[in-house]
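Just so it is clear, none of the values below were taken in a lab; they were calculated from the coordinates. Because the structure is a prediction, the values reported are computed rather than measured. As a convention, Cβ positions derive from the backbone with ideal geometry for all residues, glycine included, and neighbour counts pool all protein chains shown.
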């Protein structure tokens, strides 16, 4: 069908679009004369940041640009640490849910990263540099997750945040118990259908995992003791990640809403000796902030989403601030490609709703998610030695009027607003050329088919239904795919 | 929070309002207020420093500098604060949608494709938790539009029913209602070859020709309805009641074909917008474009036909993969520069309180600030024919007034006072109550 080729053309085009903004080799870069929001040691006016080999080499008001450094003049602008989105589903090829089994820990989002997802670029243009790419919430124990940097233009293999621990998605409440949709006709509802069952599924899986771990531990012990001819236990890809959870090698990111189910998971985690790294959404976290803080888990929440389902009916926009007040490490996340483009705005709402300071509001989208993802030695603040992942705004990023001018990852400019705008005319022309070609080809093919068929049409021969020719392509331009 | 200087009488009053009883307003019988000392943005002229807004019997009585305060007026000290008309969210499901995923709480989408006789006001729940939550962010009046899609994936018919405008405070809808019928909602059909199928949770492709046929059928049917409504109007005018059967659907469409009631046509793609404009022109209908994600592609047409646009939330993703990343952000300024009237809207329920954020984002990307204020306060009133009652701080208008700590479009700005229908409305709400309740929770013993 013509549409397919058209889509391919658009994809190609879209992929090319912001490539122009891809940066050169990281060398020495000097961002000068900006208001630098370090997050860890205050704001510095008329300050500069020296970047060497992708790392922050110096920050301060009295730096001089080294010879040969590429200068980024940020006069009147604000530099903050690149935004870290602790809950994202961008850059995933196809569905984020392996929704069949109640435990889908064998599925791994890292296997289906799609570096051509245009939302990588769009979120980059919203100042996001790092995102926690999660499996969906269809299962009490969902698939494995991966932290990526938004290195637009790089292949999938270069997206993962090297050194960041992998994770696994858990989900509690309405989604794993399938409250809000019916199974297709003829399909049995899947267990569990209650919060009681959700707990049982998780406990049962960890009972199995504990048993499985024991088999491996025994095997390894006997092997290292020198025993010969041992048969290793059968590898179970479903239980491997759960063993890693119990060994502290994999983080649990648990989708949850109600206070009761959060407490449930804390109990189950205690029973099996692991820790929940983050409670995601955690919209009733404010009701049990002390318990969450005591468990050592972080809370990654929305700014002001509520009432979209029953378990979100007690959600309040003060959640982030109230949990933070009680000692929980809190981040504000997006769970949505658009929301990710405005996380600076969403963070600012916690100043209004709950009275966080500007710096604490910034932490919600920088240092705190970095801590939650175990990457705070590398990201989340503007400190010497950290990765040069930065977002440059024309105004205070906590203002609704702030617009991202440049986004840097590892010291490379991956987004540049001026370059994006300047490149649009070329891209539009390129698109038109492709469309014209496509149209011409379609017309030529049509004409060819006509001339070929004419003499040979026999009675009784089935006539082909008209294919979507030029007309369909034209309609496709206006967006027939949506 | 800043300590405010009230007159002692006002202090009692504010305490009554904030310590409330789950009432939307204090129970005192005050009918006269003087908001004094603030910077007053009337939206009908230049801002007034140290201005006064007098409110009496639910209406604005006077606005200006150096106005004498009547002896019986409660004085609200707005020194250091800013005074604006309340904000107006013109396409919402407020009152018709409590919890999006719980169908028992939804009255947004009726079955059937043609329901012109249905009126939102019939089922707006004045006790909805969304009402006090939304107004606490400075939104004082909204339109509930049946069959519109919001955050909640609802869709309801081609002619979805009549939208109703109401104030966000009152004991009953009768009290709250501004106008029972401000527009007929038409969800313009769209040619979608690829649709999401919830049953199989995957995308389904349909041949273009089939979808186009369905589309043409829908547009023809819409035309038939309008033609029949015209015939019905003629029969009604000329015949006696005995000669025709009363038909509620056609009766509801009569003001539409007579050009008395505008149609709010929800359409996003440029092709659909063009087709809708063509249809409304041929049918001689007064069109308001709703959503209009690609309205920027048809600016000349909209300008030429004088069609205003109620814009989908600014904070959304671009329509197409190759649409500039910031197009939804720059669209409002492009439309305004082209001379097309716009109003911001949430198209939702829970996100109605984000209305100023949508306007603010548009300012960040080029929309003049004063135009943005109009597009959240005044323009919707003009577009829906309510500007004689709402939208500016001028005498005789409904006293929907907000007093803010600063720029109402900025994220950190607090709404300090809120007047709806001339009464000091409480900014208490479910969220604030839960916050107060749980922040006082004692540390559990360990």
Q: Mind pulling the angle between the C-alpha long axis of helix B:327-337 and the longest principal axis of chain B? Nearest 10 degrees, somewhere in 0 to 90.
A: 80
Q: Note the angle between two axes, namely the Cα long axis of helix B:430-439 and the longest principal axis of the Cα atoms of chain B, as a number of degrees from 0 to 90, rounded to the nearest 10.
A: 50
(Q) Let me understand region B:87-390 better: what is its radius of gyration from the alpha carbons, and its Dmax, in angstrom? (A) 18.9, 61
(Q) If I model a spin label as a point 7 Å beyond the Cα along the Cα-Cβ vector, how far apart are those points for residue B:228 and residue A:447 in nm? (A) 4.8
Q: Nearest 5 is fine: what % of DSSP beta bridges in region B:87-390 come out antiparallel, could you say?
A: 40
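Test of understanding: ordering A:86, B:280 by Cβ neighbours within 10 Å, fewest first, what list do you get? Could the numbers behind the result be given before it?
On the way: A:86 30, B:280 22.
Placing the least packed residue first, the sequence is B:280, A:86.
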Q. Calculated from DSSP H runs of 4 or more alone, at -39500 (n - 2.57) each and per residue, what is the 222 nm mean residue ellipticity of the protein assembly as shown, nearest 500?
A. -9000 deg cm²/dmol
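Taking the Cβ of each residue in B:251, B:321 as the centre, tally the other Cβ atoms inside 10 Å and list the residues starting with the fewest. Intermediate values should be presented prior to the final figure.
Values: B:251 15, B:321 20.
With the fewest neighbours first, B:251, B:321 line up as B:251, B:321.
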Q | Estimated FRET transfer efficiency (residue A:62, residue A:158; beta-carbon r; R0 45 Å; 0.05) | A | 0.80
(Q) Given a 10 angstrom Cα cut-off, can you work out which residue in B:214, B:294, B:110 is the most mobile in a GNM of chain B? (A) B:214
Q. So what's the Cα pair-distance distribution over region B:321-446, bin width 5 Å, in %?
A. 2, 9, 14, 18, 19, 13, 9, 6, 4, 3, 2, 1, 0, 0
Q) What's log10 of I(q)/I(0) for the protein assembly as shown at q = 0.06, 0.08 Å⁻¹, Debye sum over Cα points only, no solvent? A) -0.46, -0.82
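Average projected area of the Cα convex hull of region A:83-379, in nm²?
Answer in nm², one decimal: 16.7.
How high is the FRET efficiency between residue A:275 and residue A:377 when r is their beta carbon distance and R₀ equals 22 Å, given to the nearest 0.05? Don't skip to the end; give the middle numbers.
Values: r = 19 Å, r/R0 = 0.86.
It comes out at approximately 0.70.
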Q: Under a 10 Å cutoff between Cα atoms, tell me which one of B:103, B:202, B:32 has the largest fluctuation in the Gaussian network model of chain B.
A: B:202
Q. Percent of alpha carbon pairs in region A:361-436 separated by more than 14 Å?
A. 71
Q) How far is helix B:8-18 tilted off the main Cα axis of chain B, in degrees rounded to 10, range 0 to 90? A) 40
Q.
I'd like the distance between the alpha-carbon centres of region A:265-319 and region B:367-446, rounded to an integer number of Å.
A. 30
(Q) Connecting C-alpha atoms closer than 10 Å in a GNM of chain B, tell me which of B:228, B:194, B:180 has the biggest fluctuation. (A) B:194
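Please order B:40, B:75 by the number of other Cβ within 10 Å, starting at the fewest.
Values: B:40 28, B:75 17.
Going from least to most buried by this count: B:75, B:40.
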Q.
Expected output is a single nm value to one decimal: the length gained when fully extending between residue B:441 and residue B:67, i.e. 0.36 nm times separation in residues minus the C-alpha distance. What is it?
A. 129.9 nm
Q: Calculate the spin-label point distance for residue B:246 paired with residue B:174, positioning each point 7 Å from the Cα along the beta-carbon direction, and give it in nanometres.
A: 2.1
